[in-house]
Structure formats: structure tokens, C-alpha cells
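Below is one structure, written out as C-alpha cells; comments come after it.
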Amino acid sequence: MGILEKISEIEKEIARTQKNKATEYHLGLLKAKLAKYRAQLLEPSKSSSSKGEGFDVMKSGDARVALIGFPSVGKSTFLSLITSTASEAASYEFTTLTCIPGVIEYKGANIQLLDLPGIIEGAAQGKGRGRQVIAVARTADVVIMMLDATKGEVQRSLLEKELGSVGIRLNKHKPNIYFKPKKGGGISFNSTVTLTQCSEKLVQLILHEYKIFNAEVLFREDCSPDEFIDVIMGNRVYMPCLYVYNKIDQISMEEVDRLARKPDSVVISCGMKLNLDYLLEMLWEYLALTCIYTKKRGQRPDFTDAIILRKGASVEHVCHRIHRSLASQFKAPAPSTARSGWA
């Protein structure tokens, strides 16, 4: 039985198993096995050394955004509208067959936008060059998931399933679990919160499935078995995602209002060029970029050329962007000598 057949059998068993206290250990083991087989599926084959199969695009600009979605949802039209790159657009599916990069110039920043070929169901198993598309998506800072507003929530759930099966976690934070394998001493389990989804026995069973018999585990939040498996795997990518519903000119106003009120969602129409400015504002917010303007001594600040940094950057980061030797010459402020009662 191949890996794909094993994955299919486990998924069917999980679907038909009722979730209750009596089956939580069995379900935990099934999920651990499923994650292990999926990791093996994504490992590149040593025998295949074919060239020209990837979508390797050099990372450039201040941030990278991956544009993913099913075929014929408007990705290429969107790229052509907000960048200077002309991507072939047509009414038939699979118009884009390779990765097409473009650059969004916004608030002084250059944001690299990658128009990826349309994903089909089963992309995580390699269908429709899905592995190459997902591999590029893992390198992005933000994912724009382009959806057809006329098809409801079907596309969104299918894409989330495909990305989730290869370790891409959308709009989620990394589980606050301390995990460290050891050479001996058995499994040390502790938690700082009350656990309602995982128990010490279930944690031990999952670790044994991965042939881990000595480790330190500390839960700092109430996490699920799936989140604990993510920590063990250690190759999960957590990134923000904007769900963009295109073709709103073809649905009712009530449906547009319902989609617009969903979290992390934006409604647009590439055909009528509706709401594109708001989408760029939301993208800027999700990228969490900051504009830093410099000034020479005795002169006004230069607002024509900004230094673009990530949110939370320090003065040292600014110095490194200007010149690598500047940080070492930077002088810390002298301690204050003022005292109470002195003039």
C-alpha cells in the first residue's frame, strides 16, 4: 500500500470515528500517523532529478505576497491591474502555467506579488503541479486567497484544506508549547494552564508514534492534539491570509454585505475595478510594514525615499539598512546628571 492509499485510509477512519472521551486517544494516534505520512509525501524524491519543474523566483522588494486560488477566479487580471506586469488573462481555466512576478508600489514600498498557477483539489498530493505552487506560497509573508464570490464558501474550505495538509497555517499563531527532545530521562510533562483537549497520556502516545521516548513538554496554553503535532513536526508556517472575493458585480448586495463582514475578508471586482484601493490598505496592514524617513543635520526630512522595515524594528535595524558600519559608530545617550533641588 502506497503513501497516498495510507493517507486516504486514515482520513476515512477519522471521518467515521465519533469524537468522545473514549476515542480521543485513538483519534490522536490517527492524526499523528496522518501528519507523518503527509510529511513523507512532501519529501522530494531522490530518484527524480528533473530540471525546470520549479517556480523559483528570486525574492525582491520589501515583502512577498503569494496570490493563490482555483483556476479562472481573476488572479491574472488582478495582477495586471495593480502592477505594471501584464499577465495573460482569459475566460478558460489554466491560463497561467507558471509563476508570474509583479511589483506593487505602495507608500514607498516595493511589494513583490506572485501570480501562481491555479490550484486544483488534490494539490497537496502533487496534482496540477500543486507541490510547486504550495512550496512558493510557504516563502511568502502574506497569502492573498482569491475566491470566486459566485461560488460561496466551497473554494475557501477546499483551499484551506490543501494548504493545511502541507503545514501552512493561515491566520493562526504558533502554539505556546515548549518541546525539547532529550537523550534520556523519559518524558517530562507539565502545564501552566488547565488542559481540556490534551492529557499526559495522549501526549505520550503521540510522542511514541514518532519514536520519541525522552523529551521535555510544557503546555503554556490549552492546545489541541493537532497543535501539539505541529510543534513536534517543527516545519509549520504561520502566516496571515487575506480572503479576497472577486466578481461581486455578479451577486446580490445582500451577499456582498455578508462576505464583506467575514473576518480577514475583502470584496472586490476586477472587471469593474471596485474596492481595489481598500484591498491595498488591508494588505499593507497585514504586512505590518513601517516607513522610516531620514534627514540630514540642519535640513528638512526627506519624504521622497523611505526605508521600509517590519513592525517592531529597532534603531539598529535602521542603521544596518543605511550602512553596515553605522551601527558600530552609533553613540548611546549619556546618563542624566540632573538631581532633585539643583538648578
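Distance between the pseudo-spin-label points of K273 and V193 (7 Å out from Cα toward the beta carbon): 4.8 nm.
Assuming R0 = 22 Å, what is the FRET efficiency of K59 and A313, from their Cβ-Cβ distance, to the nearest 0.05? The calculated FRET efficiency here is 0.75. Taking 0.36 nm per residue of separation and subtracting the current Cα-Cα distance, fully stretching the chain between Q329 and N235 would add 30.0 nm.
Take the Cβ atoms of E221 and D302, set R0 to 56 Å, and the FRET efficiency comes out at 0.80. Full extension of the chain segment joining S8 with K211 gains 70.8 nm, where the gain is 0.36 nm per residue of separation less the Cα-Cα distance. Maximal additional length on extending the K161-K21 stretch stands at 47.8 nm, based on 0.36 nm per residue less the C-alpha distance. Return the carbon/sulfur percentage of the accessible area of segment 125-225, one whole number, probe 1.4 Å, all protein chains in place. The computed percentage sits at 51.
Applying a threshold of 29 Å to the alpha-carbon distances of K174/K201; K12/K247; K151/K172 flags K12/K247 as lying beyond it. Here's the list of lysines a cross-link from K295 could span, going by alpha-carbon distance under 20 Å and ignoring same-chain residues fewer than 8 apart: K107, K331. Looking at segment 153-256, the trypsin sites (Lys or Arg not before Pro) that sit in a DSSP loop and have at most 15 other Cβ atoms within 10 Å of their own Cβ are K172, K182, K183, K211, R220.
The values are calculated or read from the model by the stated rules, or taken from the named source; none is laboratory data. Values in this document were obtained by computation on a predicted structure and should not be read as measured data. Backbone-built Cβ (ideal geometry, glycine too); neighbour counts: all protein chains shown. The area values use the complete protein model at the heavy-atom level, side chains included, leaving out ligands, DNA and RNA. Shrake-Rupley method; radii C 1.70, N 1.55, O 1.52, S 1.80 Å.
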